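Chemist: My structure is below; once you've seen it, I'll send some questions.
The values are calculated or read from the model by the stated rules, or taken from the named source; none is laboratory data. Just so you know, these numbers come straight off a predicted model, no measurement behind them. Please note: Cβ atoms are built from the backbone with ideal geometry, for glycine as well, and neighbour counts cover all protein chains shown. Each accessible area value is taken on the protein alone, full model and side chains, heavy atoms only, with ligands, DNA and RNA left out. Shrake-Rupley method; radii C 1.70, N 1.55, O 1.52, S 1.80 Å.
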Amino acid sequence: MEKNKLPRFVKIEGGNCARFSNVMHMQYHRRLYDQVVAVDKEKLKLTDAVLAEWREAIDQEVELNKEATQSVHTARLVKLDAERDRLLTHFFGVIRIQKLSPVAAIQEAAERVEVIFKPYAGIQNEALEAESGHIAGMFEDAKKCTADLTTLGLTAVLSQLRTVNGEFEQLGATRRHEAVEAKRPSATAIRPKTDEALEFVVQHIQGSYLFSTVEADRLLIYSLAAEMNKITADFKASHKSSDAQKKKHPGDGGGKKPGGNPGGGKKPDDGGKNPGGNPGGNPGSGKTPEPGKDPGKDPEKEKELDEIEKMLTPLIPAFEKEIGDRPGSLSFAREVVGTGKDRRFKFYNTRTKVWTWATLRADGTLAPWAAEP
């Protein structure tokens with residue numbers, strides 16, 4: 001392009017956003033929408049109806065991402081899961097320590113109990129529902145060694161675990177019922193509509209530039225296209241960086257599977273539960289696997305991350321405000337380390353290109369984590 005001369009046409013790049021996680025897909029459309037509505041719609045040949053269709057689809061995605069934590073039970077579920085993890089860690093820790101007891105009766109009891117509960121080592125790191133199922137299995141196996149459990153002082157621990165797990169499962173069932181009652185469409189149904197609405201808007205913008213005879217308007221539209229392309233480039237870079245981090249550290253946030261020695265190997269509480277270019281492209285187009293999912297990934301782990309993402313999304317605005325960042329800057333990087341109250345969640349700042357770690361307070365809000373784990 002010659003100096004001070006605008007190109008004959010503009011192209012607005014697509015973000016291949018079908019591969020974005022649900023929350024990142026929602027944020028991507030929110031950013032583009034805010035950029036578009038800041039410009040006089042008459043100059044873009046856009047109508048209120050066209051913009052409203054796009055806004056409605058975005059709002060549906062926002063509600064879908066907020067759904068899990070809108071339940072009044074969610075904060076309590078987080079606390080209960082942390083308590084389950086604490087009790088399980090203590091249970092296996094006692095077995096490990098008592099195997100070294102100088103008292104023969106206690107040492108022998110610990111060795112017998114270890115054999116029975118060997119398959120359950122590390123279940124704190126399982127997906128939430130899987131952990132509940134394994135705990136139910138523990139209660140059945142506990143019937144085989146009631147005397148030994150009494151000798152080790154673990155009867156009360158199992159009793160407390162039974163109470164906590166029971167409340168967790170009851171609240172989980174209630175929350176699922178609320179989700180059914182809400183009758184919200186799934187992400188796979190909403191996201192294509194949002195992408196189609198964006199594509200329709202993009203065609204209007206590109207067409208308005210092509211047919212405008214006012215140089216000032218063409219410059220305005222050219223600048224808008226460049227800003228939209230910058231947003232797309234930022235989100236693509238964020239997604240690529242997040243994906244690379246997960247491939248580089250495949251064990252981060254992953255849970256240890258049942259089995260192994262309750263008193264040896266990796267401790268149950270180690271590990272987790274899991275620039276813009278010139279205006280061009282076709283946003284939101286192309287068929288890919290299920291939104292937010294990459295082929296070859298563990299479906300159970302991805303489901304767990306989806307659940308965590310839904311839990312964290314409504315907490316992000318308050319967290320951004322607390323750390324003094326702009327609204328909409330942070331997105332969950334789908335990486336979790338640690339368990340229970342020590343769980344840490346990784347976020348990516350699309351504005352500063354910096355990773356941020358956070359943990360959950362007792363009241364269910366996000367708190368900054370001082371250093372990377």
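Chemist: So, taking all protein chains as they sit and a 1.4 Å probe, how much accessible area belongs to Lys236, in Å² rounded to tens?
Modeler: 90
Chemist: Keeping all protein chains in the complex and leaving out DNA, RNA and ligands, what accessible area do you get for Phe91 with a 1.4 Å probe, in Å² to the nearest 10?
Modeler: 0
Chemist: Here's a follow-up. Which entries in Lys45/Lys240; Lys240/Lys310; Lys236/Lys341; Lys230/Lys303; Lys193/Lys310 show an alpha-carbon gap greater than 29 Å?
Modeler: Checking Cα-Cα distances, Lys45/Lys240; Lys236/Lys341; Lys230/Lys303 exceed 29 Å.
Chemist: For Asn16, enumerate residues with amide H under 5 Å from its amide H, sequence gap 5+ or separate chain, H modeled in the peptide plane.
Modeler: Gly284, Ser285
Chemist: Given q = 0.15 Å⁻¹, what are the Debye log10 I(q)/I(0) values for the stretch 120-201, with equal point scatterers placed on the Cα positions and solvent ignored?
Modeler: Reported log10 I(q)/I(0), two decimals: -0.71.
Chemist: Once you put a point 7 Å from the Cα of Phe200 and another 7 Å from the Cα of Ile97, both along the Cβ direction, what distance in nm separates them?
Modeler: Result: 6.5 nm between the two label points.
Chemist: Can you run phi through the Karplus equation (6.51, -1.76, 1.60; θ = phi - 60°) for the stretch 156-170 and list ³J(HN,Hα) in whole Hz, with x for Gly and Pro?
Modeler: After applying 6.51 cos²θ - 1.76 cosθ + 1.60, I find 5, 5, 5, 5, 5, 5, 4, 5, 5, 5, x, 5, 4, 5, 5 Hz.
Chemist: Let me ask something else. Within the stretch 110-133, list the residues whose amide N lies under 20 Å from a label point set 7 Å along Cα→Cβ of Arg176.
Modeler: Counting only backbone N, you get 124-133.
Chemist: A follow-up question, please. For the stretch 50-59, take each phi angle, set θ = phi - 60°, evaluate the Karplus expression 6.51 cos²θ - 1.76 cosθ + 1.60, and give the result in whole Hz per residue in order, putting x for glycine and proline.
Modeler: Result, ordered by residue: 5, 5, 5, 4, 5, 4, 5, 5, 5, 4 Hz.
Chemist: Leaving out ligands, DNA and RNA but keeping every protein chain, what accessible area does Lys11 have, in Å² rounded to the nearest 10, with a 1.4 Å probe?
Modeler: It works out to around 90 Å².
Chemist: At 7 Å along Cα-to-Cβ for each site, give me the label-to-label distance between Glu42 and Arg361 in nm.
Modeler: 4.8
Chemist: Out of every Cα pair in the stretch 68-163, what percent are spaced more than 18 Å from each other?
Modeler: The proportion of pairs with Cα distances above 18 Å equals 46 percent.
Chemist: Apply the Karplus parameterisation 6.51 cos²θ - 1.76 cosθ + 1.60, with θ equal to phi minus 60°, to every residue of the stretch 23-32 and state each ³J(HN,Hα) to the nearest whole Hz, in sequence, with x for glycine and proline.
Modeler: 3J(HN,Hα) across the stretch 23-32, in whole Hz: 5, 5, 4, 5, 5, 4, 5, 4, 4, 5.
Chemist: A further question follows. What FRET efficiency, computed as 1/(1 + (r/R0)^6) with R0 = 45 Å and r the Cβ-Cβ distance, is obtained for Glu300 and Leu6, rounded to the nearest 0.05?
Modeler: The formula returns an efficiency of 0.30 here.
Chemist: Order Arg334, Arg344, Arg162, most accessible first, counting only protein heavy atoms with a 1.4 angstrom probe.
Modeler: Arg162, Arg344, Arg334
Chemist: Then there's this: Can you send over the carbon and sulfur percentage of the accessible area for the stretch 1-148, probe radius 1.4 Å, protein chains only?
Modeler: Carbon-and-sulfur percentage of accessible area, whole number: 53.
Chemist: Shifting gears a bit: How do Glu196, Glu167 rank by accessible surface area computed with a 1.4 Å probe, from largest to smallest?
Modeler: In descending accessible area the options line up as Glu196, Glu167.
Chemist: Once both labels are modelled 7 Å past Cα along the beta-carbon direction, what's the Lys321-Lys240 spacing in nm?
Modeler: About 3.5 nm, to one decimal.
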